[in-house]
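Have a look at the structure below before the remarks.
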Ligand code: EPU
């Protein structure tokens, strides 16, 4: 990796969250090399895991994104000392002085993140109490926390809802339990793991999510001294231990970011080398990318994604839990599908409202219809509940510039890709939200040859 670029990029990210609007002159292929670092959806949880250790932890490949800064702030108000490690992107988390925090401080630091709910198990073990404010996160569905609360109650936590949030206590400590999730929720699986490792006795989790980020969290917990068995058929067993040490770990790469840049290469007829991307965690994405007409080369240090020329082809996709096609991949890919010749269908089965971003694409000239029915696949839990969760995309469309507003993190990247692939000039507002999950995206756009101006 080019150190000079990395350092420049690192200093620019905080400023990126302050950027509100980008005017993009589209129609140019994005081409060049960018690097992805640790996955947002692992790094933030790995930072919480450090609360469980008796000694400091060191995490490497931490991206400079605002979700990481939110979790850092929350850990710091709970007394965790966080310092830079010996190399760029590494941090040391020292939990020696963990303490309860004031509700107002927690509230002020929680921002729009959903991670605070995962503090509960570790804090209940260490302090006997925890408080979480109302949770934020992208508006892509109702996003309840009922599984989390049920899980914590089943370990023995007492949950008290207050006007300002939720207070929990564990007057008799936390004890291993049997949990069966009705849906393989990523967050609820992490909740079980982070709570069970120090609970007395054995915990059995049925219906677990098994995303690569969860397996990497299991790797981290095992390094700390936990005993965790991942069985077949989504069953995870955890033998609680009395003591955990700190860990040293390099975070799994961000496969969602890698897939976003891959979609950008396809939609702009470009050629992007994503340094740090690896094949095993992206198998399902790579199959779809190839079916649409994209090409890729797997290298030791990354994956090259490119448009090989010729027409893009339509596909039928159903998003699903791992090892299915990730929900986070569909939004950026839909832009490329507007350029495919024929009718594509995307059936979203993870979040009930993840198509808010398509209105802007339609304004830019795409032909996309959203339906309440489960199209192109199996009936899902949203089919009978009146949710607009299937998209039919007819192409090819040539997009034209427009003034559009970013609705959420992945939808934001999709809007940027749409503007980059459109003829003419687009103004994309509310882009600050993109820095929640994409490190240095402005610098990366520059490295890839995008033509744009920024406004504060
Ligand atoms: N759900 C419930 N009750 C709960 C928890 C979840 O009904 O208590 C439902 C959700 O409403 C949703 C489904 O279960 O319909 C799946 O949610 P899950 O718990 O799996 O998602 P999450 O943990 O909130 C993480 C990622 C998401 C990613 C999903 C699916 C983080 C911080 N977020 O969310 O990432 O889409 O898993 O893989 O890890 C993103 O990065 O943009 C993003 C939204």
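All of the numbers you see were taken from the coordinates with simple rules; none came from a lab. None of the values given here were measured: they were computed from a predicted structure. Using ideal geometry, Cβ is built from the backbone for each residue, glycine included, and neighbour counts are taken over all protein chains shown.
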Quiz item: How about region 130-247: which helices (runs of 4 or more DSSP H) wholly inside it have at least 3 residues that are without any contact (Cβ under 8 Å) to a residue 24 or more places away in the chain?
Solution: 146-154
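Would region 88-101 turn up any residue that is within 15 Å of the ligand (Cβ to nearest atom) and either buried (at least 17 other Cβ atoms within 10 Å of the Cβ) or within 27 Å of residue 406 (Cα to Cα) (or both)? Steps first, please.
Kept after step one, since they are within 15 Å of the ligand (Cβ to nearest atom), are these residues of region 88-101: none.
Looking through region 88-101, none of the residues is within 15 Å of the ligand (Cβ to nearest atom) and either buried (at least 17 other Cβ atoms within 10 Å of the Cβ) or within 27 Å of residue 406 (Cα to Cα) (or both).
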Practice problem: Output the number of the condition that residue 308 fails; it satisfies all remaining conditions of (1) out of contact with any helix residue (DSSP H, G or I) (no Cβ under 8 Å at 6 or more places or on another chain); (2) closer than 21 Å to residue 63 by Cα; (3) assigned to a loop (DSSP other than H, G, I, E, B). | Solution: (2)
Practice problem: Tally the residues that are within 16 Å of the ligand (Cβ to nearest atom) and either at positive phi or touching a residue at least 60 places away in the same chain (Cβ under 8 Å) (or both), restricting the search to region 388-408. | Solution: 2
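This table checks each residue for (1) more than 16 Å from the ligand (Cβ to nearest atom); (2) more than 18 Å from residue 421 (Cα to Cα); (3) in contact (Cβ under 8 Å) with a residue 60 or more places away in the chain; (4) over 17 Å from the mean Cα position of the chain (by Cα).
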site	(1), (2), (3), (4)
255	no, yes, yes, no
301	yes, yes, no, yes
305	yes, no, no, yes
326	no, yes, yes, no
337	yes, no, no, yes
340	yes, no, no, yes
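Rundown of residues vs (1) away from the ligand (no atom under 11 Å from the Cβ); (2) more than 17 Å from residue 239 (Cα to Cα), yes/no style:
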position: 128; (1), (2): yes, yes
position: 132; (1), (2): yes, yes
position: 143; (1), (2): no, yes
position: 158; (1), (2): yes, yes
position: 176; (1), (2): yes, no
position: 195; (1), (2): yes, no
position: 203; (1), (2): yes, no
position: 212; (1), (2): no, yes
Practice problem: Collect the residues in region 354-374 that are surrounded by fewer than 18 Cβ atoms within 10 Å (Cβ to Cβ) and either touching a residue at least 60 places away in the same chain (Cβ under 8 Å) or assigned to a loop (DSSP other than H, G, I, E, B) (or both), keeping them in residue-number order. | Solution: 356, 365, 372, 373
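When you check residue 379 against the structure, is it without any contact (Cβ under 8 Å) to a residue 24 or more places away in the chain and within 16 Å of the ligand (Cβ to nearest atom), yes or no?
So residue 379 fits the description; yes.
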